[in-house]
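Structure first, commentary second.
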Amino acid sequence: MERQRVVSGMRPTGKLHLGHLVGALQNWERLQADYDCFYFVADWHALTSHYADTGELVANAIDNVADWIGAGLDPEKSIFFIQSLVPEHAELYLLLQMVTPIPWLERVPTYKEQIEQLSDRDLGSIGFLGYPLLQAADVVIYGAHVVPVGEDQVPHLELAREVVRRFNNFYFPVPEGAPSRGLVEPQSLLTPTPRLPGLDNRKMSKSYQNTIDLSDDAETIKQKVRQMYTDPKRVRADIPGTVEGNPVFIYHDAFNPNTAEVDDLKARYRAGKVGDVEVKTKLAAAIDQMLAPIRDRREAALARPGYLRDVLMEGSARARRVAETTMEQVRDAVRLRY
Ligand code: TRP
């Protein structure tokens with residue numbers, strides 16, 4: 001039996017951190033067992049907001065894919081590729097644009113939000129408005145059934161389904177009662193993880209410099225955890241503290257497998273019987289232990305000359321063959337056959 005397809009992508013805008021690990025990579029890794037997975041570097045999507053500084057994109061792409069392998073993603077099981085090396089994404093995007101009303105894109109929640117949040121950049125471009133439509137092309141071109149994404153991306157998949165229905169109505173009309181055909185409507189698969197705050201209790205983000213990166217070494221992890229935000233009312237170790245919503249304990253819950261230790265620390269924290277230093281030292285050790293094998297696999301991949309580039313070139317060629325098959329059907333359906 002044919003396995004269903006999973007497609008997901010990540011923009012190469014910087015180093016990957018713990019948020020990417022729990023919010024995406026661990027889920028991507030699990031899906032490899034049950035689906036044919038296509039995972040890609042969304043370099044064109046990075047351009048929609050970073051068009052003025054493109055110098056780091058390629059280096060970031062390679063570094064990110066090293067982290068994917070570190071996190072247990074396997075290029076023998078899944079196809080890893082680069083979006084811009086499969087130019088058919090752009091062709092499908094262009095054809096989808098023809099049937100997409102501009103207000104559908106203007107009302108996507110991330111559109112206005114991002115323009116406000118990234119007010120230091122001019123995001124008044126067609127490219128930025130089209131972001132979710134390019135994303136639709138990314139997944140539809142592989143006939144993706146399932147698209148693992150974070151909550152903020154769910155409206156993008158909704159848009160993708162609406163556009164697919166409209167496109168199919170024009171170009172793959174179905175007689176009454178006949179089975180549907182044409183492009184596949186992709187479903188979003190919500191990544192079942194609580195959101196991790198950043199080290200300073202704001203949203204975790206590279207631009208806030210409040211991340212622990214997957215490539216951080218033991219010493220860096222220690223330093224970062226030492227600066228972590230905790231219960232601000234607890235100015236001395238003998239004052240009872242609050243565990244709920246406290247980033248240090250959110251991280252303990254997420255990354256420390258020794259639940260007996262975590263329970264003991266929480267009890268003593270609530271009772272004012274443990275210092276922050278002990279809580280944080282144990283947290284740093286737990287995070288370091290979790291990241292050590294990821295770092296090792298990452299470094300091993302980076303140490304093999306040309307390996308990651310070869311993986312991406314070969315994966316992009318394989319992805320392209322699948323994308324080309326879809327485009328053959330689409331060009332036929334649009335009657336662009338010369
Ligand atoms: N928009 C996604 C994000 O910011 C990245 C992305 C681009 C993507 N194309 C995609 C995710 C296709 C899933 C499927 O996280």
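The values are calculated or read from the model by the stated rules, or taken from the named source; none is laboratory data. Computed from a predicted model, the values in this text were never measured in an experiment. Glycine gets a Cβ as well: all are built from the backbone with ideal geometry, and neighbour counts include every protein chain shown. Note: areas computed on protein heavy atoms with side chains; ligands, DNA, RNA excluded. Shrake-Rupley method; radii C 1.70, N 1.55, O 1.52, S 1.80 Å.
Would you mention how many residues in the range 155-179 are within 12 Å of the ligand (Cβ to nearest atom) and touching a helix residue (DSSP H, G or I) at 6+ places or on another chain (Cβ under 6 Å)? Let's see the steps before the verdict.
Filtering the range 155-179 for residues within 12 Å of the ligand (Cβ to nearest atom) gives 155-157, 159-160.
Now narrow it down to the ones that are touching a helix residue (DSSP H, G or I) at 6+ places or on another chain (Cβ under 6 Å): 155-156, 159-160.
Result for the range 155-179: 4.
Return a yes/no flag: does the range 221-230 have any residue that is of a type in the set (Phe, Trp, Tyr), within 16 Å of the ligand (Cβ to nearest atom) and either under 26 Å from the mean Cα position of the chain (by Cα) or outside any strand (DSSP E or B) (or both). Don't jump to the end; show me each part of the working.
Restricting attention to the range 221-230, the residues satisfying the condition of being of a type in the set (Phe, Trp, Tyr) are 229.
Checking which are within 16 Å of the ligand (Cβ to nearest atom) leaves us with none.
Scanning the range 221-230 turns up no residue that is of a type in the set (Phe, Trp, Tyr), within 16 Å of the ligand (Cβ to nearest atom) and either under 26 Å from the mean Cα position of the chain (by Cα) or outside any strand (DSSP E or B) (or both).
Mind checking which residues of the range 270-297 are crowded, with 16+ Cβ neighbours inside 10 Å and over 20 Å from LYS222 (Cα atoms)?
ARG297
Every residue in the range 155-208 that is assigned to a helix (DSSP H, G or I) and modelled with pLDDT under 95, please. Before you say what the answer is, go through the steps one by one.
Applying the first criterion (assigned to a helix (DSSP H, G or I)) to the range 155-208 yields 155-171, 206-208.
LYS206, SER207, TYR208, listed by residue number.
Residues that are away from the ligand (no atom under 14 Å from the Cβ) and over 22 Å from the mean Cα position of the chain (by Cα): find the helices (runs of 4 or more DSSP H) completely inside the range 91-154 holding 2 or more of those.
On the way: elements: 102-106, 109-117, 126-129, 131-140.
Answer list for the range 91-154: 102-106.
Just checking, which of SER119, SER125 is out of contact with any helix residue (DSSP H, G or I) (no Cβ under 9 Å at 6 or more places or on another chain) and either crowded, with 20+ Cβ neighbours inside 10 Å or of a type in the set (S, T, N, Q) (or both)? Explain how you work it out, then say what you get.
Working: SER125 fails: out of contact with any helix residue (DSSP H, G or I) (no Cβ under 9 Å at 6 or more places or on another chain).
Just one listed residue meets the conditions, SER119.
Mind checking which helices (runs of 4 or more DSSP H) fall wholly inside the range 1-81 and carry at least 2 residues that are away from the ligand (no atom under 16 Å from the Cβ) and either open to solvent by less than 20 Å² (accessible area, probe 1.4 Å) or among the β-branched types (Val, Ile, Thr) (or both)? If you could, list the steps in order and put the result at the bottom.
Working: elements: 26-31, 43-50, 57-70.
Result: 57-70.
Which residues, taken from the range 141-186, are open to solvent by less than 40 Å² (accessible area, probe 1.4 Å), closer than 24 Å to GLU2 by Cα and touching a residue at least 60 places away in the same chain (Cβ under 8 Å)?
Of everything in the range 141-186, those that are open to solvent by less than 40 Å² (accessible area, probe 1.4 Å), closer than 24 Å to GLU2 by Cα and touching a residue at least 60 places away in the same chain (Cβ under 8 Å) turn out to be ILE141, TYR142, GLY143, ALA144, VAL146, VAL147, PRO148, VAL149, PHE172, GLY182, LEU183, PRO186.
Please state which one of GLY245, GLY198 is open to solvent by less than 60 Å² (accessible area, probe 1.4 Å), among the small types (Gly, Ala, Ser) and within 21 Å of GLY14 (Cβ to Cβ). Let's see the steps before the verdict.
Values: GLY245 fails: within 21 Å of GLY14 (Cβ to Cβ).
Among GLY245, GLY198, only GLY198 is open to solvent by less than 60 Å² (accessible area, probe 1.4 Å), among the small types (Gly, Ala, Ser) and within 21 Å of GLY14 (Cβ to Cβ).
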